[in-house]
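Everything below concerns the one structure shown next.
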Amino acid sequence: MSLPPGFLDELRNRVPISQVVGRKVIWDNRKSNQAKGDFWAPCPFHQEKTASFHVDDRKGFYYCFGCHAKGDALGFVQETENVGFMEAVEILAREAGMQMPARDPQAARQADRATKLAAAMEAAVAHYRLQLKTGAAAEARAYLDRRGLDAAALDLFEIGFAPAARQGAFSALTGKGLDEADVIEAGIATRPDDGGAPYDAFRDRIMFPIRDARGRCIGFGGRAMDPNARAKYLNSRETPLFDKGRALYNHGPAREAAGKGQPLIVAEGYMDVIALVRAGFGAAVAPLGTAITQDQLRLMWRIADEPIIALDGDKAGLRAALRLVDLALPMLEPGKTLRFCLMPEGLDPDELIKARGRDAMQAQLDAAEPLVRMLWRRETEGQIFDTPERRAALDRRLRQAIGQITDQGLRRHYGEALAELRRALFRPAVPQGRGDRAGWRARGFAEAQMPLAETRSSALGSGALSADDLRIMLILATLCRYPELVSRFETDLDRLAPRHADHAALVDVILTAEAADSEAMGAACAAAGLGAALESLQSMAHLRINPILAGPPDATRAEACLTEEFAKYHADRALKAEMTEALEDLDNIPEGDTRLGRRLNHAVHRRQTAGRATASDMQGAVSEDTDALSDRLRALIEARVWEKKTR
């Protein structure tokens, strides 16, 4: 719904941000000046002992000097309560005593109708809970007891029972004054097609209320007590409140727990969710008896960036995981993905926790596989790739799969990850022989000397980038974070000669953007079609660990870093040029001229002394190309090639 002009300003004025934040923090009275609306506290978004979290009542904003979290009162409510924007508005409006704007007449009628249906559902929850305590529910109580649900669990999840009576709930609710039409429209009862008397939708079933993110009961899941029932679990039919493809069991509590840092776990059924929550995994949800839908996946990503899909350890669970891969691929975006946790064969989360305890479940979650590995498993498990044709077919399937990913940068990263898995699959095994050396290989000695897979697949390890390339990338990433330093290094920047087209294009944007801050620089890169290039640059593992880029903003250190890196870059290029010239002299010097040896020695000496003069660690930082030239020169000197030219 749209809000009238001025509503949000009035809301912010009525509720001081210090009042909103004060519910979550303890103010540092020594540092705060509350009379002037200046408040300080330890940050609620990251663990710290000092008060680096600042709230300015006059401006209505908060900012953390440690983790850089910032926003207004509405943003704070969204972050701490893990709710959407309109929900945050409603929370603050209630606190301020402000009436939410009236909706159009049709929307108002729909809201009133939904309110009546929700009231009928709440009455049904109370009715079913009461029935669980009657003699008719003795078998149901015994079943719940065998499943380990005590009174506290029954109360927490509001579990009830629907007796086998044809009109038990219908008669009870209408007898309390609820309108017959509301009871039927809410899905509690059903009117037969022949117009006969309504009958209960749920009979002889343990009842699990399903609530939406706001806490309203919108439907039920019923577990049959009769082993011969046509459906072991039965959900409410679709109503104005309930759409099972757009709802999640335990949605609201899971969202709150995920907002406090717990991982979002997606299990298959009600009992799994209950077991997970009781074991301390509060952010657990379940789809409602069907495969996960696109809408449910979007709901999960609104709760957490990387939901963990915890599926039963059987063939059906694996098939469900593989189906979800296809559903998720077109919807992936940077930062939004899935991890898969397949239970030990024959167990579901409820059974695993009961049999082996919470730590066993935690171990399974810690070992959850990323989506890319689940995709790889789907395309390779149980197959043999002993011919070029079969390998080519695998390549085609993988291309088709990642072709569904719409984000170009993410698609490229998937391609790189799959390429590494493919190389590992087709890499020849080390043959085992006799003797000590062969024995070492058989025990993995030779493999232990190999670089790790992460190293081999890195930009340096794979040879995709040289040391010069990485230096240029560090320079560009630093200038994008500190655009105020561009004018200081404009001449040096203009002298860069990147090998990669994206880097050259970024140089042009940085020189012409005149950006005031890093956000403006990012926007300028995006406008030039280089958003993905900048994102790829910033995500490089070699750069993410650099304190200039990963730590708190520090323009002074950034300037010193750029000064050093430009000096290394220009010195390295000059050394390469001189050594290349010396090598060319070998072919051009007249026969009988013995000065070449002295000139080669001089070139190598210049490389060493210039390195020490340029920067303290220059010799360790020159590129592999320069090292190769230096080695070649040294070899020529040792071979005394000029003497051969005089013979």
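The values are calculated or read from the model by the stated rules, or taken from the named source; none is laboratory data. Computed from a predicted structure; not experimentally measured. Here the Cβ is made from the backbone with ideal geometry for all residues, glycine too, and neighbour counts use every protein chain on show.
What's the number of the only condition in (1) surrounded by fewer than 16 Cβ atoms within 10 Å (Cβ to Cβ); (2) of a type outside the set (Lys, Arg); (3) touching a Leu at 6+ places or on another chain (Cβ under 9 Å) that CYS561 fails to meet?
For CYS561, the failing item is (1).
Please go through the stretch 33-53 and give me each residue that is among the aromatic types (Phe, Trp, Tyr) and either over 16 Å from ASP72 (Cα atoms) or surrounded by 19 or more Cβ atoms within 10 Å (Cβ to Cβ) (or both), ordered by number. Before you say what the answer is, go through the steps one by one.
Let us first name the residues in the stretch 33-53 that are among the aromatic types (Phe, Trp, Tyr), namely 39-40, 45, 53.
PHE39, TRP40, PHE53 - these are the residues of the stretch 33-53 that are among the aromatic types (Phe, Trp, Tyr) and either over 16 Å from ASP72 (Cα atoms) or surrounded by 19 or more Cβ atoms within 10 Å (Cβ to Cβ) (or both).
Being touching a helix residue (DSSP H, G or I) at 6+ places or on another chain (Cβ under 9 Å) and either assigned to a strand (DSSP E or B) or more than 10 Å from VAL21 (Cβ to Cβ) (or both) is the filter here; which residues of the stretch 40-56 pass it?
As a first pass, look at the stretch 40-56 and keep what is touching a helix residue (DSSP H, G or I) at 6+ places or on another chain (Cβ under 9 Å): 41, 44-45, 53, 55-56.
Answer for the stretch 40-56, where residues must be touching a helix residue (DSSP H, G or I) at 6+ places or on another chain (Cβ under 9 Å) and either assigned to a strand (DSSP E or B) or more than 10 Å from VAL21 (Cβ to Cβ) (or both): ALA41, PHE45, PHE53, VAL55, ASP56.
Within the stretch 7-44, can you find the residues that are closer than 11 Å to VAL55 by Cβ and of a type in the set (Gly, Ala, Ser)?
SER18, GLY22, SER32, GLY37, ALA41
Any idea which of ARG378, ARG396 is charged (D, E, K, R), in the same structural domain as ALA321 (by TED's automatic domain parsing) and either part of a loop (DSSP other than H, G, I, E, B) or more than 28 Å from GLU535 (Cα to Cα) (or both)?
Details: ARG396 fails: either part of a loop (DSSP other than H, G, I, E, B) or more than 28 Å from GLU535 (Cα to Cα) (or both).
The match here is ARG378.
How many residues are in contact with a Cys (Cβ under 6 Å, 6 or more places away or on another chain) and part of a loop (DSSP other than H, G, I, E, B) when one looks only at the stretch 361-375? Show your work before the answer.
Quick first cut of the stretch 361-375, residues in contact with a Cys (Cβ under 6 Å, 6 or more places away or on another chain) only: 364-365, 368.
From the residues that got through so far, the ones that are part of a loop (DSSP other than H, G, I, E, B) too are 368.
Counting residues in the stretch 361-375 that are in contact with a Cys (Cβ under 6 Å, 6 or more places away or on another chain) and part of a loop (DSSP other than H, G, I, E, B) gives 1.
Does LEU575 count as closer than 29 Å to CYS67 by Cα and out of contact with any strand residue (DSSP E or B) (no Cβ under 8 Å at 6 or more places or on another chain)?
Values: closer than 29 Å to CYS67 by Cα: no; out of contact with any strand residue (DSSP E or B) (no Cβ under 8 Å at 6 or more places or on another chain): yes.
Judged against the criteria, LEU575 is not a match.
Just wondering, is there one or more residues in the stretch 9-32 that are more than 27 Å from GLY84 (Cα to Cα) and crowded, with 16+ Cβ neighbours inside 10 Å?
Of the stretch 9-32, the ones more than 27 Å from GLY84 (Cα to Cα) are 28-32.
With crowded, with 16+ Cβ neighbours inside 10 Å added as a condition, the list becomes 32.
Yes, the stretch 9-32 has at least one match.
So is LEU311 buried (at least 20 other Cβ atoms within 10 Å of the Cβ), in the same structural domain as GLN262 (by TED's automatic domain parsing), modelled with pLDDT under 90 and among the hydrophobic types (A, V, I, L, M, F, W, C) or not?
Numbers: buried (at least 20 other Cβ atoms within 10 Å of the Cβ): yes; in the same structural domain as GLN262 (by TED's automatic domain parsing): yes; modelled with pLDDT under 90: yes; among the hydrophobic types (A, V, I, L, M, F, W, C): yes.
Yes; evaluated as a whole, the condition is true for this residue.
Please specify each residue of the stretch 465-503 satisfying the condition of being assigned to a helix (DSSP H, G or I) and hydroxyl-bearing (Ser, Thr, Tyr).
Pass one, the stretch 465-503, residues assigned to a helix (DSSP H, G or I): 467-481, 483-485, 487-494, 501-503.
Passing the criteria: THR478, SER487, THR491.
What strands (runs of 3 or more DSSP E) completely inside the stretch 200-280 contain at least 2 residues that are touching a Pro at 6+ places or on another chain (Cβ under 8 Å)? It would help to see each step written out before you state the result.
Values: elements: 205-211, 217-224, 233-235.
Qualifying strands (runs of 3 or more DSSP E): 217-224.
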